[in-house]
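One structure below.
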Amino acid sequence: MATIAAETEEDGQGVRGRRGLRLSPSAISYLQATPLIAILGFFFLLPIAMISVVSFWDYDFAGLYPDFLTMNYTDTLGSWVTWKTYLNTLKFTAIVWGLTLVIGFWVAYFLAFHIRKTSTQMILFLVCTVPFMTSNIIRMISWIPVLGRNGLVNSTLIEMGVIPQPIEWLLYSDFAVVLAMVHLYTLFMVTPIFNTLMRIDRSLFEAARDAGASGWQVLWNVVIPLAKPGMAIGTIFVVTLVMADFSTVQVMSGGQSASVALMMKNQMSLLQYPAAAANAVVLLAVVLLMVAAILRVVDIRKEL
């Protein structure tokens, strides 16, 4: 034991090995982070780099040809169909984000402040997560017999005499797409907001009430400002998921609507991989700009 202790000594400047090699604390930190950097580099950065390279290649019906052409980007950014598709995707993103934010905040608020027992909070939170143990496709398709022309909603409304004939726009419409996305992604907003609300010091509420603040003033001036980091994290989750979703748009709109991810999926089905790669790079840039804007407004480092 004495020999081992002598071989490795630690001083104020770092760690000295058995051969006199001195490692600074920063170097030790980099060594500890090397496995994570290697994993992220291989499974995250390398695929993005490959997609970026392929986006400059040439192609035809027979195959791909390594090259350096900007044709794929000019075709993508110069087409009014592409711009219309991006606007449609951003429309879905904004609507779904707004609805999930409102629903997610109030669900998290109820769990955090109106349920006193921690065990009950966990049980109710697990109840919220149970549907997410099922495939997204199954949960999405389950709306079809509910919203269809002869589905549960239309049948009930007709039997009650509320409507004379079935409502056509409940299914295979933008409404159905938004409803399915809100159902699929609300939990990604609930979880970070709930985590943030549970960290709020309850004595702040007592201080605000002692100062004469009403319940709504406490909510607006104390709870919401302190919940912004959780809202920002949930926003990043929801925005990235909606922007990359193609199956929900394809199924729930009945092929009557489009999104950027669905456009890329169609391009890949036609073996137009460089064009799809160019669209993927543009979509990635748009999402990163949106995330950067969120991070400029809200500091989420206190939640990480």
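Some observations on this one:
- Some residue of segment 82-100 being touching a Ser or Thr at 6+ places or on another chain (Cβ under 7 Å), under 27 Å from GLY215 (Cα atoms), among the hydrophobic types (A, V, I, L, M, F, W, C) and modelled with pLDDT of 90 or more: yes
- Among the residues of segment 132-151, just one is among the aromatic types (Phe, Trp, Tyr) and within 16 Å of PHE175 (Cβ to Cβ), namely TRP143.
- Segment 259-271: number of residues that are surrounded by fewer than 20 Cβ atoms within 10 Å (Cβ to Cβ) and either touching a strand residue (DSSP E or B) at 6+ places or on another chain (Cβ under 8 Å) or outside any helix (DSSP H, G or I) (or both): 2
- For segment 60-80, the criterion of being closer than 29 Å to VAL178 by Cα and either among the hydrophobic types (A, V, I, L, M, F, W, C) or at pLDDT 90 or above (or both) is met by at least one residue.
- Those helices (runs of 4 or more DSSP H) lying entirely in segment 56-137 with at least 3 residues among the β-branched types (Val, Ile, Thr), more than 22 Å from SER257 (Cβ to Cβ) and in contact (Cβ under 8 Å) with a residue 40 or more places away in the chain: none
- Only helices (runs of 4 or more DSSP H) whose full extent lies in segment 170-222 are considered here, and the ones with at least 3 residues that are farther than 20 Å from GLN256 by Cβ are 187-198, 203-210, 215-218.
- The sole residue among GLY234, GLY230, GLY254 that is in a loop (DSSP other than H, G, I, E, B) and either modelled with pLDDT of 90 or more or on the phi > 0 side of the Ramachandran plot (or both) is GLY254.
- Within this structure, SER203 passes the test of being among the hydroxyl-bearing types (Ser, Thr, Tyr) and either over 30 Å from PRO66 (Cα atoms) or surrounded by fewer than 19 Cβ atoms within 10 Å (Cβ to Cβ) (or both).
- Filter pass, ILE39 being β-branched (Val, Ile, Thr), within 34 Å of the chain's Cα centre (by Cα), in a helix (DSSP H, G or I) and at pLDDT 90 or above: yes
The values are calculated or read from the model by the stated rules, or taken from the named source; none is laboratory data. The model shown is predicted, which means the values in this text are computed figures rather than measured ones. Methodologically, a virtual Cβ is constructed for each residue, glycine included, from the backbone with ideal geometry; neighbour enumeration extends over all protein chains shown.
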